[in-house]
Amino acid sequence: MPIPPDPPDRILAWRQLLRVGNVFTAASNIAAGFLLVQRGWAPADQLAWLAIASMLIYLAGMALNDAYDAEIDAEERPERPIPSGRIDRRSAFAAGWLLLGGGVTAALGAAWASRTVAPAVVAGCLALTVVMYDGGLKRTWAGPWAMGWCRLLNVLLGASVAANLAEEPAAWKFALAVGAYTVGLSYLARDEATDVSPARARNAFFAAAVCFVAALVGLLAIVNEYRLAVPRYAWGTLLIVVFGAIAVAWTHAQRGPRERVAAIVGLLRGFIVLDALAALAAAGWAAAACVLLLLAPTLIAARRAPMT
């Protein structure tokens with residue numbers, strides 16, 4: 001089918017290819033990492049460069065993901081923009097490489113503004129991991145771990161303007177927590193669009209549960225790092241309830257692909273909630289509220305352009 005000539009249809013197709021709603025979860029990772037090392041929103045120019053870099057690299061990953069997966073999507077998800085003929089595969093590859101180059105260039109801007117090479121190094125590692133994941137790792141046992149590494153690096157990209165990133169334990173702890181959360185989510189998402197046996201679904205959940213517990217430990221370590229006035233048992237209870245709810249949701253989600261997709265979408269939005277907790281620890285309630293506000297554009301952008 002030729003690409004539709006109607007501009008609104010073409011815009012929608014690109015929104016669906018790039019999964020624009022997800023990009024704000026990348027920005028929230030940057031905000032959390034930045035706040036954990038800077039304890040505030042300044043210097044704003046450095047934060048802006050980092051956010052642009054992260055969002056462009058994320059969008060590049062989405063475009064390259066579908067470009068590499070065109071044959072698989074033709075069988076499993078024929079409604080996607082490339083197999084449905086709404087976007088040419090070569091155009092998707094071109095957009096992906098251009099966005100990736102733009103993201104690395106923006107990271108160079110952050111390196112120049114902060115007078116440190118760390119943003120460029122971390123962004124380069126992130127871009128390389130994205131390409132390796134999209135190019136083949138996602139179809140191997142290492143796929144979930146590569147995706148976790150991407151999110152870990154994204155948090156560290158936000159923290160990379162610190163005077164010495166190696167001496168920022170809170171940023172590293174949170175990056176590890178987000179990475180663990182991502183690995184768990186990736187195990188659940190591997191068969192999101194297909195019917196799977198109950199045994200396979202349970203195995204994926206058990207693997208994810210271990211990762212979620214590791215993420216919980218990392219988050220509680222941040223609370224301890226900052227010695228918050230909030231009682232630690234209250235934070236622990238809250239997070240245990242959150243991950244318990246995720247477990248219940250996944251048990252329900254084993255009923256079919258549609259329910260599993262809904263669970264994955266909820267977990268993707270959970271990145272913003274986790275990042276808001278880190279912002280609360282680092283810079284207070286106002287900063288946490290600002291990060292949570294990213295849920296609004298996430299929900300708006302996801303209309304008619306699914307997050308998965």
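Read-outs throughout are calculated quantities, based only on the coordinates presented, and are distinct from any laboratory measurement. What you see is a predicted model, and the numbers here were worked out from it, not measured in a lab. Neighbour counts are summed over all protein chains in view; Cβ atoms, including those assigned to glycine, are modelled from backbone coordinates with ideal geometry.
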Just 91, 54, 186 to compare: in a GNM of the chain, with alpha carbon springs under 10 Å, which one fluctuates most? 91
Just to check I understand the Karplus step: with θ = phi - 60° and J = 6.51 cos²θ - 1.76 cosθ + 1.60, what whole-Hz values come out for region 277-285, glycine and proline as x? 4, 5, 5, 4, 5, 8, 9, x, 5
Could you give the dipole magnitude of region 47-146 about its Cα centre, charging the beta-carbon of Lys and Arg +1 and that of Asp and Glu -1, in debye to the nearest 20? 360
How many angstrom lie between the C-alpha centres of region 23-64 and region 266-305? 13
So what is the relative contact order of the chain, in percent, for Cα pairs below 8 Å that sit 6 or more residues apart? 26
Calculate, in nm to one decimal, what residue 285 and residue 200 gain on full extension: separation in residues at 0.36 nm each, minus their alpha carbon distance. 26.5 nm
With charges only on Cβ, +1 for K and R and -1 for D and E, what is the dipole size of the chain about its Cα centre, in debye, rounded to 20? 380
